[in-house]
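Here's the structure we're looking at; comments come further down.
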């Protein structure tokens with residue numbers, strides 16, 4: 001399906017304009033929240049500050065990953081080279097997202113979305129799932145089991161050249177925390193990665209493609225969803241406009257900071273009328289991904305996944 005079947009060419013051209021100002025603002029906001037995440041346990045010596053820090057930092061790990069996603073599409077900054085450099089060195093380092101490998105895999109997802117060749121089907125092919133299955137998934141996430149699995153996978157695939165941005169970013173982070181006299185709060189990053197990040201990723205991908213009407217439809221409105229996120233969701237599992245995922249699949253060349261405007265335009269034109277592709281909250285996403293009639297047995301995944309995707313099953 002072509003987005004020009006839904007909007008005018010002039011509208012698409014306007015919405016596809018890149019803005020360095022808006023890209024820089026998103027960058028500042030994400031790193032500002034990371035700074036706040038580490039500042040909390042420094043300024044408030046309480047275990048609740050460590051919990052809040054882990055929550056904020058896990059959300060920003062996803063946030064930086066989304067900025068890598070945007071640079072992979074060359075839509076964040078105006079310059080292609082700036083997109084590539086920031087995607088690799090500025091955004092991909094802390095969350096350990098290798099830019100080239102991620103870009104190649106993600107663009108394959110876009111090429112094959114709506115077909116059996118879509119590699120990201122491994123995220124969501126067990127939804128909708130029964131109550132017992134959903135509880136097992138959530139327990140594996142919050143217990144740290146999936147977080148440890150993710151770290152083990154990163155260690156197995158670790159190379160000095162491939163993880164150079166990771167090494168540099170974390171060395172700088174430790175150096176900064178050491179300079180301010182609190183290197184111990186570096187642990188907050190890993191607490192978030194182990195105990196929070198897997199659930200954050202799960203909620204994100206459930207909102208994007210979980211429990212949709214037809215994974216193999218030509219129309220993205222049937223195999224992709226958009227979720228209207230509130231402040232907490234935007235902070236933790238729907239950062240940087242990633243919740244407007246249907247609009248992104250309809251027009252991947254539109255920068256993330258213009259997806260909300262595209263959503264409103266499509267809605268005003270009645271492009272979502274009669275369809276169930278827009279959810280008002282992530283509670284509604286959970287309902288879509290929950291099968292009330294399931295017997296509760298473990299659903300069998302139809303597609304093999306690698307790395308963090310294994311934990312989505």
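Numbers at a glance
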{"quantity": "Point-to-point label distance, residue 108-residue 46, nm (Cα→Cβ direction, 7 Å offset)", "calculated": "4.8 nm"}
{"quantity": "Sequence of 125, 276, 116, 70 once ranked by neighbouring C-beta atoms within 10 Å, starting from the fewest", "calculated": "116, 276, 125, 70"}
{"quantity": "Length-normalised contact order of the chain in % [C-alpha pairs under 8 Å, at least 6 apart]", "calculated": "28 percent"}
{"quantity": "Calculated P(r) of the range 109-229 - Cα pairs past 24 Å, %", "calculated": "47 percent"}
{"quantity": "Listed residues 118, 214, 273, most fluctuating in the chain (Gaussian network, C-alpha, under 10 Å)", "calculated": "273"}
{"quantity": "The range 3-312: C-alpha gyration tensor shape, a/c 1.5 cut-off, then a/b vs b/c", "calculated": "oblate"}
{"quantity": "Ranked 135, 76, criterion: other C-beta atoms within 10 Å, fewest first", "calculated": "135, 76"}
{"quantity": "Stokes-Einstein D in µm²/s, Kirkwood radius over Cα pairs - the range 4-55 at 4 °C with 1.567 mPa s viscosity", "calculated": "93 µm²/s"}
{"quantity": "Of 14, 80, 258, the one that fluctuates the most in a GNM where the chain has Cα springs shorter than 10 Å", "calculated": "14"}
{"quantity": "Ranked list, fewest to most other Cβ atoms within 10 Å of each Cβ, for 168, 289, 188", "calculated": "168, 289, 188"}
{"quantity": "Burial ranking of peptide ranges 154-163, 36-45, 190-199 (average Cβ count within 10 Å, highest at the top)", "calculated": "190-199, 36-45, 154-163"}
{"quantity": "Of 274, 147, 65, the one that fluctuates the most in a GNM where the chain has Cα springs shorter than 10 Å", "calculated": "274"}
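None of the figures in this text is laboratory data; all of them are computed from the coordinates on show. What you see is a predicted model, and the numbers here were worked out from it, not measured in a lab. No Cβ is skipped: glycine too gets one built from the backbone with ideal geometry, and neighbour counts run over all protein chains shown.
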